[in-house]
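Each remark here refers to the structure printed beneath this line.
The values are calculated or read from the model by the stated rules, or taken from the named source; none is laboratory data. Small disclaimer: the values here were computed from a predicted structure and weren't measured. Glycine also receives a Cβ, built like all others from the backbone with ideal geometry; neighbour counts cover every protein chain displayed. Remember, those area values only see protein heavy atoms, side chains included, never the ligands or the DNA or RNA. Shrake-Rupley method; radii C 1.70, N 1.55, O 1.52, S 1.80 Å.
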Amino acid sequence: MPRTEWGALIADDEPAARRGVRQLLAAFPAFTVVSECRNGAEVLAALDVARPDVVFLDVQMPGMDGFEVIRRRTPERMPAVVFLTAYDEFAIKAFEAQALDYLVKPVSEARFAATMKRLTRQLSAASPAAREPAIVVRTSRGARVLPVREIDWIEAADNYARVWSGGRSYLLREPLRLLEQRVRAHGFVRAHRRALVRVGGVRELTLNGDAGVAVLECGASVPVSRRERPAFAAAVRSQTSR
């Protein structure tokens, strides 16, 4: 299934500059800002947490510049990099660092759109692993890209959905019925009217009469309703027979 959303990290020590990139990105709904950083040290820390697909990286930042970030991380472990700077003198060095593009501030909408076209083409052509389906959830530290394969189950919470992963929950501002359309193709099945379960994470399915309970690898137990039992049990059998 084609990836329809990518995470972007914006790194610049100037709040106005970060705000400007966010405004430019707003015209490209396939991209979501998953983290903002003020310096190189924050970028290195955020790369493993936010797991962005692209970094809009300022060249000159306090303590550690953009090139030092890449050197410490290594180009092979970096996501796509788009350099942003007020100076054009670092362009050659930027492309030697394997940057996708080099934008000189202030960036016009047309120039930014050209970069986004190249970026989208590169990300779309990436390997299946790089295009792993994911959703963006909010945390106390900002946004996080959560791979679908790391989600254990999802439950309805009024007009929101509560996403459970590794014993932690994240509140997502999206109704369960809409979220189901996004994850159904990735192994999620209805357990009851208010819950979706990733079948690959089911450790045991106990059936009591017409209903049952799904015990997950994470330790959670999710009831399976009478109405959903046939389809749920069939999905579990199909998974275990692979």
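All told, Gly219 falls short of being outside any loop (DSSP other than H, G, I, E, B) and either in contact with a Pro (Cβ under 9 Å, 6 or more places away or on another chain) or in contact (Cβ under 8 Å) with a residue 40 or more places away in the chain (or both).
Can you find even one residue in the stretch 150-167 that is assigned to a helix (DSSP H, G or I), closer than 29 Å to Glu36 by Cα and modelled with pLDDT under 95? Taking every residue of the stretch 150-167 in turn, at least one turns out to be assigned to a helix (DSSP H, G or I), closer than 29 Å to Glu36 by Cα and modelled with pLDDT under 95.
Considering the stretch 86-110 alone, what residues qualify as being of a type in the set (Ser, Thr, Tyr) and at pLDDT 85 or above?
Within the stretch 86-110, the subset of a type in the set (Ser, Thr, Tyr) is 87, 102, 108.
Passing the criteria: Tyr102, Ser108.
Scanning the stretch 65-86 for residues that are open to solvent by 20 Å² or more (accessible area, probe 1.4 Å) and free of Cβ contacts under 8 Å to residues at least 60 places away in the same chain yields Asp65, Phe67, Glu68, Arg71, Arg72, Arg73, Thr74, Pro75, Glu76, Arg77, Met78, Ala86.
Mind listing just one residue for me: the one in the stretch 168-203 that is basic (Lys, Arg), under 15 Å from Ala214 (Cα atoms) and in a loop (DSSP other than H, G, I, E, B) and, of those, most open to solvent (accessible area, probe 1.4 Å)? Of everything passing the filter in the stretch 168-203, Arg193 is most open to solvent (accessible area, probe 1.4 Å). Pairing residues of the stretch 1-12 that are more than 25 Å from Leu103 (Cα to Cα) and open to solvent by 10 Å² or more (accessible area, probe 1.4 Å) with residues that are assigned to a loop (DSSP other than H, G, I, E, B) and modelled with pLDDT under 95, at Cβ distances under 6 Å and at least 6 apart in sequence or on separate chains, gives Arg3/Arg131. Looking at the stretch 32-124, the strands (runs of 3 or more DSSP E) lying wholly inside it that each contain 2 or more residues that are of a type outside the set (Asp, Glu) and under 23 Å from the mean Cα position of the chain (by Cα) sit at 54-58, 80-85.
Just to be sure, is Ala45 of a type outside the set (Lys, Arg) and open to solvent by less than 10 Å² (accessible area, probe 1.4 Å)? Considered against the rule, which asks whether it is of a type outside the set (Lys, Arg) and open to solvent by less than 10 Å² (accessible area, probe 1.4 Å), Ala45 comes out as no. Every listed requirement among (1) assigned to a strand (DSSP E or B); (2) farther than 20 Å from Thr139 by Cα; (3) among the small types (Gly, Ala, Ser) is met by Ala16 save one, (1). Of all residues in the stretch 24-48, those that are basic (Lys, Arg) have Cβ atoms under 6 Å from Cβ atoms of residues that are at pLDDT below 95 and open to solvent by 20 Å² or more (accessible area, probe 1.4 Å), 6 or more apart or on another chain, in Arg38/Asp13.
Taking the stated definitions as given, is Ser221 open to solvent by less than 30 Å² (accessible area, probe 1.4 Å), polar (S, T, N, Q), on the phi < 0 side of the Ramachandran plot and touching a strand residue (DSSP E or B) at 6+ places or on another chain (Cβ under 9 Å)? Spell out how you get there, then give the answer.
On the way: open to solvent by less than 30 Å² (accessible area, probe 1.4 Å): no; polar (S, T, N, Q): yes; on the phi < 0 side of the Ramachandran plot: yes; touching a strand residue (DSSP E or B) at 6+ places or on another chain (Cβ under 9 Å): yes.
No; evaluated as a whole, the condition is false for this residue.
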